Amino acid sequence: MKFLRRLVMTVLVLAVAGGGFAAWWLHAPLPLRSDTVDLSIDPGTTPRGVANAVAATGVQVDPRVLYAWFRLSGQDRQIRAGSYELDRSTTPRSLLQKLVRGEEALRAVTLVEGWNFRQVREALAKADQLRPATQGLTDQAVMAALDRATAPAEGSFFPDTYTYSKGSSDLAVLQRALRAMDRRLDAAWAQRTPDTPLKSPREALVLASIVEKETGAEADRALVAGVFVNRLRAGMMLQTDPSVIYGMGAAYDGRLRKKDLQADTPWNTYTRVGLPPTPIAMPGKAALLAAVRPAPTQALYFVSRGDGTSHFSPSLDEHNKAVDRYIRGR
């Protein structure tokens, strides 16, 4: 009997000790070979494969023990594929929580309102941990890869901040921005005024891009759009400098000269009537809405006051006086 009691006590002590060690291990930081390690879990990876992947990334842990923890937790089949970042505070318990919740290591890239597609591509090329799948492709080839071979790249992407997991491709970010613009443009077009001279969502996008480049003043956007809509109705040339500059491409050196206004390009709204053939930049939500719901105005002209706002005039005589005041007299 004494032997049996001793045996039971020994088993209990060992069980308590083992339970205490397990509790300590679950909450103890895992040793890492560096301050952070990247863990990539492919879709379809088994729990045992996940444990092996963790050990292979630089986490100093026995994958058999880690796999046993996954199984004992009952959550081994809930682990999600993705890209994760582990640091020195990661414990076996927090690791499993991160994998089950899908708390991926995300990066972000911001596409700014008014940017052209060249600037978009430059931002994507500099983005942290973003795979350059479009590197070496022409703009047309990029659009073909996005199943929009007939659409211009310019203006087709919505300016916003996009998050992505480490190792994602820039093409995936562009696909999201493209779909976002589709949604925003459709929503704006559905709110258009009944008497708009714009014939399609594509024309609304072109006008919105011009509005975006012409003013950053929120209060002026709808009035700027109103001026251009009035000009379209009257058959007047839009005469907007940003479109001329866009058409000049790399030849633009920061100064717009009289000869530039006279040099004909598809985007020169001083030599051609109507909207240019493509957008000239990425318009934001406010510019899209302004294009389809312009402010009612008699103005046909506007000039910058020099403080970010514009002076609007219904006649050329008043406009010339405003130019004398705000431009020549500046």
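The values are calculated or read from the model by the stated rules, or taken from the named source; none is laboratory data. It should be emphasised that the depicted structure is a prediction, and the values quoted were computed from it without experimental measurement. Reconstructed Cβ throughout: ideal geometry from the backbone, glycine too, with neighbour counts over all protein chains shown. Each accessible area value is taken on the protein alone, full model and side chains, heavy atoms only, with ligands, DNA and RNA left out. Shrake-Rupley method; radii C 1.70, N 1.55, O 1.52, S 1.80 Å.
Of all positions in the range 82-100, none carries a residue that is assigned to a loop (DSSP other than H, G, I, E, B), surrounded by 17 or more Cβ atoms within 10 Å (Cβ to Cβ) and aliphatic (A, V, I, L, M). Within the range 194-211, the set of residues being more than 22 Å from the chain's Cα centre (by Cα) and open to solvent by less than 30 Å² (accessible area, probe 1.4 Å) comprises T196, L198. Checking each residue in the range 114-136 for being open to solvent by 50 Å² or more (accessible area, probe 1.4 Å) and either of a type outside the set (A, V, I, L, M, F, W, C) or part of a helix (DSSP H, G or I) (or both) picks out R118, Q119, R121, E122, A125, K126, D128, Q129, R131, P132, Q135, G136. Taking the conditions (1) at pLDDT 95 or above; (2) open to solvent by 30 Å² or more (accessible area, probe 1.4 Å) in turn, G216 satisfies each one other than (1).
Restricting the range 41-53 to residues that are open to solvent by less than 70 Å² (accessible area, probe 1.4 Å) and out of contact with any Leu (no Cβ under 6 Å at 6 or more places or on another chain), which is nearest to K166 (Cα to Cα)? Filtering the range 41-53 for residues that are open to solvent by less than 70 Å² (accessible area, probe 1.4 Å) and out of contact with any Leu (no Cβ under 6 Å at 6 or more places or on another chain), the one nearest to K166 (Cα to Cα) comes out as I41. In the range 91-105, the residues that are closer than 12 Å to Q75 by Cα reach residues that are among the polar types (S, T, N, Q) and modelled with pLDDT of 90 or more with C-beta atoms within less than 7 angstrom, at least six apart or across chains, in these pairs: L96/S73; L96/Q75; V100/Q75; V100/Q78. For the range 184-215, the set of residues classified as in contact (Cβ under 8 Å) with a residue 12 or more places away in the chain, part of a helix (DSSP H, G or I) and of a type outside the set (A, V, I, L, M) consists of R184, D186, W189, P201, E203, S209, E212, K213, E214, listed by residue number.
Only one entry in M236, M248 is more than 22 Å from L198 (Cβ to Cβ) and more than 26 Å from the chain's Cα centre (by Cα), namely M248.
Counting only helices (runs of 4 or more DSSP H) that sit completely within the range 226-321, those holding 3 or more residues that are crowded, with 17+ Cβ neighbours inside 10 Å correspond to 241-248, 285-292.
From the residues in the range 71-81 that are open to solvent by less than 60 Å² (accessible area, probe 1.4 Å) and out of contact with any Leu (no Cβ under 7 Å at 6 or more places or on another chain), which one is nearest to G44 (Cα to Cα)? Only one residue fits best here, namely A81. Residue pairs whose Cβ atoms lie under 6 Å apart, separated by 6 or more positions or on different chains, with the first residue in the range 21-49 and without any contact (Cβ under 8 Å) to a residue 40 or more places away in the chain and in a helix (DSSP H, G or I) and the second open to solvent by less than 80 Å² (accessible area, probe 1.4 Å) and of a type in the set (D, E, K, R), are P47/D76.
The number of residues in the range 137-167 being open to solvent by 20 Å² or more (accessible area, probe 1.4 Å), in a loop (DSSP other than H, G, I, E, B) and without any contact (Cβ under 8 Å) to a residue 40 or more places away in the chain comes to 7.
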